[in-house]
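Take a look at the structure set out below.
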Number of protein chains: 2
Amino acid sequence: MYRASRKARFFAPQLRTLTSASQWISARRAHTSIEAPLLSQGSKTKAYSDRHGILGAVAIFATISLGLTLSNKRHVDAEQPVAVTSPEQRLIRLAEVRKHNGKAETYWVYRGDRVYDITDWVPNHPGGEVILRAVGGNIDPYWNIFSIHQKQDVYDILEQYFIGKIDPQDLADGRLPSEAIEDPFSTDPDRHESLIVRSSRPCNAETPTTALGTYITPNEVFYVRNHLWVPEIINPETHTLKVELMDGDEVEYTMDELRKKFNPLTITATLQCSGNRRAHMTRGSRQTNGLQWEMGAISNAEWTGVRLRDILADAGVHVDDIPEGVKHAQFMGAEAYGASIPIEKAIDRRGDTIIAYEMNGAPLPRDHGFPLRVVVPGHVAARSVKWLNKIILSDEESTSQWQRRDYKCFGPNEGKNPNWDAAASIQEMPVQSAITSLKHVGADKLNDSKLARVYGLEEESIVVEGYAFAGGGRRIVRVDISPDDGRSWQQAEILPQDEKGSKAWSWKQWRLAFPVRDVNQYFLVKAVDESYNTQPDSFDAHYNFRGNLTSGWHRVSATGSDLVVEVK
Amino acid sequence: MYRASRKARFFAPQLRTLTSASQWISARRAHTSIEAPLLSQGSKTKAYSDRHGILGAVAIFATISLGLTLSNKRHVDAEQPVAVTSPEQRLIRLAEVRKHNGKAETYWVYRGDRVYDITDWVPNHPGGEVILRAVGGNIDPYWNIFSIHQKQDVYDILEQYFIGKIDPQDLADGRLPSEAIEDPFSTDPDRHESLIVRSSRPCNAETPTTALGTYITPNEVFYVRNHLWVPEIINPETHTLKVELMDGDEVEYTMDELRKKFNPLTITATLQCSGNRRAHMTRGSRQTNGLQWEMGAISNAEWTGVRLRDILADAGVHVDDIPEGVKHAQFMGAEAYGASIPIEKAIDRRGDTIIAYEMNGAPLPRDHGFPLRVVVPGHVAARSVKWLNKIILSDEESTSQWQRRDYKCFGPNEGKNPNWDAAASIQEMPVQSAITSLKHVGADKLNDSKLARVYGLEEESIVVEGYAFAGGGRRIVRVDISPDDGRSWQQAEILPQDEKGSKAWSWKQWRLAFPVRDVNQYFLVKAVDESYNTQPDSFDAHYNFRGNLTSGWHRVSATGSDLVVEVK
């Protein structure tokens, strides 16, 4: 049975590790030092239990990813009791709800006085299995913190699972007992005011458009994409990185060992969220689920750290061949996030996957993984796990929601209950580009504006600027700009950059000036990478309900856009 | 000056090696064993002279590539004598024409009694520098053999360079002296009658459409893309492969040594011409220069040979790091063809670049490189040099026309004199797909057709079949088919294949059945690779005047196409 097998695969170990709110709050308070006790799983290997035990100990909260997947309610499982009355008439005791907690076969929650059996929803929860922290109790306090749930879409999903109401006997003074839970976001760092915040808890914020024109993004305006809270400050003196090998053996490195034992490597690498430009897909096609990022969920930095390849070699892995039985390197973050990459990328001499401790010459900011993160250049940023504490070599992908569900693409026709397993996890990204400014230089500014001199402008012009990027280290070889909605094209100047790394891991800035008389309302941009891949013309055909990897041509009105800057 | 510098770079060494028709005919007769005497180049290194010397000795004919680049005549160079009369009035002695041969600074030819100064055209000749074999004499005998020149486009190009007429004093009995030249195509092999021939001299022929539905293409119907003639039968007992290192040292291997000294490797790899589907671009956008291939300039085979990496290691190259100063591995074929790949691909452990001696378990057919060819999987087939006799490690790309000119892409606006050097040579290819058959199963055939049973058809249907492929070893993860010109899409079944090699080097066949009532005139196909690159919707925006790397959605009429097969 699909649900049961998925549950066993994804959730069972964590479930059985921490079962009450108080337990997970305790765990959270101590999460840098404790490991929760593990239940023996019998059929599970030591390695498997270990990794999930740690995930369990760290995974301490109902959480949220930023796309919400709608699900049609499935048929009630045959083994479940069948309600003899309509849900509106059925009364359920609070003690009964509490039984349907993370230890049970079916999962209930209540909101207000309404009770829901969300068993069938759990595998579809975009935020992953940590939703199970809330089952058996009241969902409201979690949603007060993870406020992204407070919208009609989410209420509608929940309502599909309605099974009855709390029995009035359990109401004290007509009210349900309150359940206080700690706000894990209370210790999030302060952020730069120019970031464009798309959600605050968890923090998801775009790089301001003006900073998208700069090759190296300053740390404080590098876009923030958090799936959960930022862990409380991790002590770099005591923080360690564990590497679990296929035989279950574990090798552990302190930060100091990482710095001293291995040669550092600095790479220039662009990170991009798979949701970058999702708002363009929504406007260009139809509704997508997830944060409506414009074109600022992308930034570029110099990252310094240690090659993952070198660490694995030191841990005893034969990195020149694919290690026997290993297919993926899984990464686990201190806040409960997990993801993986193919082992080929992890060990590739020219793959430049690093365990980074510096960003643009400074220690990693807390929002970007202090003290340690993975940087997987050329791959979707979701694989560059922050607050890294463990690497696991495995024959399977990370079992996290973010690997198995959230970061995938589907066909334009595929609905909101696709065959998740059939789609490839996003790793390398396709070629991409965006316009980030339209600088208007009036005829009266030709003599006194610096821009007019830089571009050698001789008449009223618009200078179009933007970025282009391709995954997989594929160099951008051409950027085509149309000043007239596609009727004609010209090649932009691609600005040369001093790039560090084995391949072209970072975006390119480009620019091109057009006399105003050649402009016919809409500018378009499309880029070409060194494999001569290019971008699709429109949005409908690469539409996917999650709005991932939007890459249709960026189309901007020459006059009606807020990207227009009047040059003085 | 552009012309002079290009000439020095591309043509000088060959030019000075063989200067008369009789010399090159002698050279050709002996070309498997001789090397032409080299002129000392002074400033050239030994390695540089050597490689061009050999190219010169082998490059023995005015040749032709299959796209013809039109050029506007440039201004006459200031240092050239200025004609005092109009060209129609000017009389030129035959001896004067003969002076403007490959040794001279300027290049003349005559056709009929009309004389042309083609100096400015030479760098633009799509067939490469071997055009210089014809200069100083009559172009007609060459064009009689390379019959692709016999069309108005080419006459028009030549006419731009008209400078005068042969002086009647040099006509014997009113006729020009005849110049007999040997037909190098006379020893080309016989070919399978089902191949769809696009040009016979050189032979360029598509795989028949029916064979495009088979995973492994049989050798005899594997598409043929020859730039020149097929070399006379090469004796595998005496054939050797030379490897020239950066210091000029040369290591030589007999066929027997290659087989015995190295572990063989078999890979399944698709080769595709950059011109595949050019006819689709022409029909979908506008005129392109080159052979009008449909979708059959692609085939798939199992290739067995020796890893280039292993050969280089044996020759003393440190293949785990990029060898000092080396950027490219150049390949030279016995017929004069040359191309190169980045050194990273040559030494990549998982790059699977092999020097192949078998194709589908048999010795290479003559049309496919007997006895030795390169197979560069994931790269455009133009880099998989046939009749291989030399590999050169170099800090620059192959200087051949096919590397520096012919296999590049440009913007849709870029005219027929683009900045050749600014464009990237095609190496890895973009994602691609095509429909190869529409099998109509009538309602009366549902019970007795095997196809209806295989697909479980329950009503009148059309089964759409085709291939999908991506360069760079990027796996095809999804194929979307529209039965109604893009209004809706469905995912095709991708047929599983037993593929050999480190990455996904070979195409995938796919299929999908549609009830006829869901079909609305046009089928479309587009594929997605594992980097989630996809194909452009239309042709105009990735149009390039050479029609290379056409990848717009393939659009086929459900009723009006010759791909429709009535199932019996």
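The number of residues in the stretch A:499-518 that are within 14 Å of chain B (Cβ to nearest Cβ), surrounded by fewer than 20 Cβ atoms within 10 Å (Cβ to Cβ) and either of a type in the set (Gly, Ala, Ser) or closer than 28 Å to A:Ala356 by Cα (or both) comes to 1.
Looking at the stretch A:407-414, can you tell me whether even one residue there is open to solvent by less than 10 Å² (accessible area, probe 1.4 Å), assigned to a strand (DSSP E or B) and either among the hydroxyl-bearing types (Ser, Thr, Tyr) or in the same structural domain as A:Ile131 (by TED's automatic domain parsing) (or both)? No, there is no match, as no residue in the stretch A:407-414 is open to solvent by less than 10 Å² (accessible area, probe 1.4 Å), assigned to a strand (DSSP E or B) and either among the hydroxyl-bearing types (Ser, Thr, Tyr) or in the same structural domain as A:Ile131 (by TED's automatic domain parsing) (or both). Select from the stretch B:525-553 the residues that are more than 24 Å from B:Asn413 (Cβ to Cβ) and open to solvent by 10 Å² or more (accessible area, probe 1.4 Å) and list them in ascending order. Scanning the stretch B:525-553 gives B:Glu530, B:Tyr532. Applying the condition of being within 20 Å of B:Leu265 (Cβ to Cβ) and hydroxyl-bearing (Ser, Thr, Tyr) to the stretch B:310-369 and asking which residue is farthest from the other protein chains (Cβ to nearest Cβ) yields B:Tyr357.
Can you work out which of the residues in the stretch B:530-549 that are more than 17 Å from A:Ser488 (Cα to Cα) and in contact with a strand residue (DSSP E or B) (Cβ under 6 Å, 6 or more places away or on another chain) is nearest to the other protein chains (Cβ to nearest Cβ)? Among those residues, the one meeting the criterion is B:Ser531.
Within the stretch A:409-421, residues that are among the polar types (S, T, N, Q) sit with their Cβ atoms under 7 Å from residues that are in a loop (DSSP other than H, G, I, E, B), at 6+ positions apart or across chains, in these pairs: A:Asn413/B:Ser488; A:Asn413/B:Trp489; A:Asn417/A:Ser71; A:Asn417/A:Asn72. Scanning the stretch A:424-458 for residues that are in contact (Cβ under 8 Å) with a residue 12 or more places away in the chain, surrounded by fewer than 16 Cβ atoms within 10 Å (Cβ to Cβ) and not in a loop (DSSP other than H, G, I, E, B) yields a count of 1.
This table checks each residue for (1) in the same structural domain as B:Thr268 (by TED's automatic domain parsing); (2) modelled with pLDDT under 95; (3) of a type in the set (Val, Ile, Thr).
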| position | (1), (2), (3) |
| --- | --- |
| B:His328 | yes, no, no |
| B:Glu335 | yes, yes, no |
| B:Ile343 | yes, no, yes |
| B:Ile354 | yes, no, yes |
| B:Pro371 | yes, no, no |
| B:Val385 | yes, no, yes |
| B:Ile391 | yes, no, yes |
| B:Asp395 | yes, no, no |
| B:Gln401 | yes, yes, no |
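Can you confirm whether the stretch B:455-470 contains a residue that is within 14 Å of another protein chain (Cβ to nearest Cβ), at pLDDT 95 or above, closer than 20 Å to B:Asp562 by Cα and touching a helix residue (DSSP H, G or I) at 6+ places or on another chain (Cβ under 6 Å)? Checked the stretch B:455-470: no residue is within 14 Å of another protein chain (Cβ to nearest Cβ), at pLDDT 95 or above, closer than 20 Å to B:Asp562 by Cα and touching a helix residue (DSSP H, G or I) at 6+ places or on another chain (Cβ under 6 Å). Residues that are touching a helix residue (DSSP H, G or I) at 6+ places or on another chain (Cβ under 6 Å) and in a loop (DSSP other than H, G, I, E, B) were ranked within the stretch B:218-252; the one that is nearest to B:Pro323 (Cα to Cα) is B:Gly248. The criterion of being open to solvent by 10 Å² or more (accessible area, probe 1.4 Å), under 26 Å from the mean Cα position of the chain (by Cα) and closer than 18 Å to B:Ala362 by Cβ holds for B:Glu220. I'm trying to understand the selection: among the residues of the stretch A:176-197, which are buried (at least 16 other Cβ atoms within 10 Å of the Cβ) and modelled with pLDDT of 95 or more? A:Asp188, A:Arg191, A:His192, A:Leu195, A:Ile196 - these are the residues of the stretch A:176-197 that are buried (at least 16 other Cβ atoms within 10 Å of the Cβ) and modelled with pLDDT of 95 or more. Residues in the stretch B:124-143 that are over 20 Å from B:Arg98 (Cβ atoms) and either assigned by TED's automatic domain parsing to the domain that holds B:Lys408 or assigned to a helix (DSSP H, G or I) (or both): B:Asn124 alone. Looking at the stretch A:487-506, can you tell me whether even one residue there is under 30 Å from B:Arg478 (Cβ atoms), outside the structural domain of A:Thr266 (by TED's automatic domain parsing), hydrophobic (A, V, I, L, M, F, W, C) and out of contact with any Gly (no Cβ under 6 Å at 6 or more places or on another chain)? Among the residues of the stretch A:487-506, not one is under 30 Å from B:Arg478 (Cβ atoms), outside the structural domain of A:Thr266 (by TED's automatic domain parsing), hydrophobic (A, V, I, L, M, F, W, C) and out of contact with any Gly (no Cβ under 6 Å at 6 or more places or on another chain), which makes the answer no.
The single condition from (1) under 30 Å from A:His192 (Cα atoms); (2) surrounded by fewer than 21 Cβ atoms within 10 Å (Cβ to Cβ); (3) among the aromatic types (Phe, Trp, Tyr) that A:Trp420 fails is (1).
How about the stretch A:295-342: which of its residues are open to solvent by 20 Å² or more (accessible area, probe 1.4 Å) and of a type in the set (D, E, K, R)? Selection gives A:Glu302, A:Arg307, A:Arg309, A:Asp310, A:Asp314, A:Asp320, A:Asp321, A:Glu324, A:Lys327. Among the residues making up the stretch B:107-120, a single one is surrounded by fewer than 21 Cβ atoms within 10 Å (Cβ to Cβ) and more than 13 Å from B:Lys165 (Cα to Cα): B:Asp120. Does B:Val463 qualify as being closer than 27 Å to B:Arg350 by Cβ and β-branched (Val, Ile, Thr)? Taking the combined requirement at face value, the residue does not satisfy it. Of the numbered criteria (1) buried (at least 24 other Cβ atoms within 10 Å of the Cβ); (2) away from chain A (no Cβ under 14 Å); (3) charged (D, E, K, R), the one B:Arg383 fails is (2). Just so you know, in the stretch B:472-498 the residues that are charged (D, E, K, R) and over 31 Å from the mean Cα position of the chain (by Cα) include one that is nearest to the other protein chains (Cβ to nearest Cβ), and it is B:Arg487. Candidates A:Asp167, A:Asp173: the one that is farther than 30 Å from A:Tyr407 by Cβ, over 31 Å from the mean Cα position of the chain (by Cα) and crowded, with 16+ Cβ neighbours inside 10 Å is A:Asp167. All conditions but one from (1) under 16 Å from A:Leu364 (Cβ atoms); (2) aromatic (Phe, Trp, Tyr); (3) touching a helix residue (DSSP H, G or I) at 6+ places or on another chain (Cβ under 7 Å) apply to A:Trp303; the one that does not is (3). Total residues in the stretch A:519-529 satisfying the condition of being closer than 21 Å to B:Gln427 by Cα and either away from every other protein chain (no Cβ under 14 Å) or in a loop (DSSP other than H, G, I, E, B) (or both): the figure is 0.
The values are calculated or read from the model by the stated rules, or taken from the named source; none is laboratory data. Keep in mind that this is a model prediction, so the values were computed, not measured. All Cβ positions, glycine included, derive from the backbone under ideal geometry; neighbour counts span all protein chains shown. For the accessible areas, the whole protein counts, side chains as well, though only heavy atoms, and no ligand, DNA or RNA atoms are used. Shrake-Rupley method; radii C 1.70, N 1.55, O 1.52, S 1.80 Å.
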